[in-house]
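Visitor: One structure coming up, written as structure tokens, with questions to follow.
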Amino acid sequence: MALEKVETIVAGNYIEMEPDEGPKNSKSKLSKLFWHGGSVYDAWFSCASNQVAQVLLTLPYSFSQLGMASGILFQLFYGLMGSWTAYLISLLYVEYRTRKEREKVDFRNHVIQWFEVLDGLLGKHWRNVGLFFNCTFLLFGSVIQLIACASNIYYINDNLDKRTWTYIFGACCATTVFIPSFHNYRIWSFLGLVMTSYTAWYLTIASLIHGQVEGVQHSGPAKMVLYFTGATNILYTFGGHAVTVEIMHAMWKPQKFKLIYLMATLYVLTLTLPSAAAVYWAFGDMLLNHSNALALLPRTGFRDTAVILMLIHQFITFGFACTPLYFVWEKAIGIHETKSIFKRAMARLPVVIPIWFLAIIFPFFGPINSTVGSLLVSFTVYIIPALAHMITFAPASARENAVERPPSMVGGWAGMYSVNCFVVVWVLVVGFGFGGWASMLNFIQQVNTFGLFTRCYQCPRKT
């Protein structure tokens, strides 16, 4: 009975973490409706919105590298694998929080993060490894959003080069420092998913109406380097759960998160599969030299709308990727638990500067996704969670006292360990090994062709 009581406290009602705001008036109700979320639906919108952002525009490029059949299979495969490791992260979070609350640890005004989960369950060495990979991935994830903003806006207004647009959108995205936590992304998550849904179906319908270009060729997969580069971009696509712990912590009842990421992935697949397949069908090998699918579609009001909506969504996704970095920085300088939003916002600004700088150095929209996917995503959200789960529950006592036991459908603990071993070996060999080799070769080729600090990556020459 005592154990059940503890579990109810931990995985039950999270509302206790919120300050008492007294009687609710119309202003507080409006704030809760648009600003202050923590439900299962909020978590689902956050996961789905965060998972498919600018990468939606690069998946046709990946299809041209992989071919149609491999592109579809890799999306399904990595979507399932990403949902599995997100599930593992949720189990480890609940296990960590249970143990800490048994020790009477109060998380009021403190956001639990992935590296703290690793520290509490496995020690400081795991914490340091997790902190390095997680922060580096989120740093470059934010960089990619800035690059995508400049790449997209150029198709509406090419009076400025992409580097100048990066300067402008870097300043715009810096305003995310004023959003306190994932609680406050309620309306943004909803709008973000609406925006990507519009863009995905625009790509699908516009490509089908446009039809196949004259002499279209579908030669992929043609080279091994391109094949594994495309595969790691899809690995990156479904590796957006580096913020899983922060999203869970923003929920009133975190134990309900278990299947949310899977449900989000299933919806995302209804966007990514039709759009990537349709654009590749229409333009074929032309996509090998156009990593942004919008570049090949004729300019119309519908395309301009898609560009604008993606720009807004990339601002939202920048906030998703950067908010955990803000938390880490706040904890490092000792102001994480302060209640002053303005003070925290000013302290967060230095985090944006290196992101801005890196986006100007490496403006390679598309190839940088694969590089980040193979070198960082492979460890951050696939290998480390699988290994951490196996080691945490290796002792028989840990398995007996586990807050969440493995579902019978996967074969209990033995089945769970088997799946985890497969994830580690596959991602280490295919994702990090072959994918790292291929994506680095492709990335180096982009550097040699265009150079660092290039003013306008893949821009058509003006007459």
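Visitor: Peptides 176-187, 156-167: what's the order by average Cβ count within 10 Å, highest mean first? Write down the numbers at each step before the final one.
Guide: On the way: 176-187: 20.1, 156-167: 15.7.
Peptide ranking by packing, descending: 176-187, 156-167.
Visitor: Could you check how much of the accessible area of the chain is carbon and sulfur, as a whole percent, using a 1.4 Å probe?
Guide: Answer for the chain: carbon and sulfur cover 67 percent of the accessible area.
Visitor: Return one whole number: the accessible area per residue of the chain in Å², for a 1.4 Å probe.
Guide: Accessible area per residue, the chain: 41 Å².
Visitor: Right, here's the next one. Quick check on packing: order 131-144, 287-300, 56-69 by the mean number of other C-beta atoms within 10 Å, highest mean leading.
Guide: So the order, starting with the most tightly packed, is 56-69, 131-144, 287-300.
Visitor: Given a cut-off of 18 Å, what percent of all Cα-Cα pairs of the stretch 310-454 lie beyond it?
Guide: The calculated P(r) of the stretch 310-454 puts 71 percent of pairs beyond 18 Å.
Visitor: Can you pull the percent of Cα pairs in the stretch 53-151 with separation above 23 Å?
Guide: The calculated P(r) of the stretch 53-151 puts 48 percent of pairs beyond 23 Å.
Visitor: Restricting to Cα pairs below 8 Å that are 6+ residues apart, what does the relative contact order work out to for the chain? Please round to a whole percent.
Guide: Relative contact order comes out at 32 percent.
Visitor: I've got another one for you. What do you get when you divide the Cα radius of gyration of the stretch 98-220 by 2.2 N^0.38 Å, with N the number of residues?
Guide: The stretch 98-220 yields a ratio of 1.57.
Visitor: Accessible area, 1.4 Å probe, largest first: how do SER397, SER439 sort?
Guide: Largest to smallest exposure gives the sequence SER397, SER439.
Visitor: How much length would be gained if the chain were fully extended between TYR41 and ASP158, taking 0.36 nm per residue of separation minus their Cα-Cα distance, in nm to one decimal?
Guide: Going from the current span to full extension adds 38.2 nm.
Visitor: Sticking with this structure for a sec: Of all the C-alpha pairs in the stretch 341-423, what % are more than 20 Å from each other? Mind showing how you got there, number by number?
Guide: Numbers: 1999 of 3403 pairs.
Value for the stretch 341-423: 59 percent of Cα pairs lie more than 20 Å apart.
Visitor: Here is a follow-up. State, to one decimal in nm², a quarter of the convex hull surface area for the C-alpha atoms of the stretch 36-92, i.e. the direction-averaged projected area. Could the numbers behind the result be given before it?
Guide: Numbers: hull surface 20.1 nm².
Averaging across all directions leaves 5.0 nm² for the Cα convex hull.
Visitor: Mind pulling the angle between the C-alpha long axis of helix 224-237 and the longest principal axis of the chain? Nearest 10 degrees, somewhere in 0 to 90.
Guide: 40
Visitor: Do any of LYS104/LYS253; LYS100/LYS253; LYS100/LYS124; LYS124/LYS253; LYS256/LYS339 go past 21 Å between their Cα atoms, and which?
Guide: LYS124/LYS253; LYS256/LYS339
The values are calculated or read from the model by the stated rules, or taken from the named source; none is laboratory data. The structure presented is a predicted model; accordingly, all values stated were derived computationally and were not measured. For neighbour counting, all protein chains shown are included, and Cβ atoms are generated from backbone atoms with ideal geometry for every residue, glycine included. Note: areas computed on protein heavy atoms with side chains; ligands, DNA, RNA excluded. Shrake-Rupley method; radii C 1.70, N 1.55, O 1.52, S 1.80 Å.
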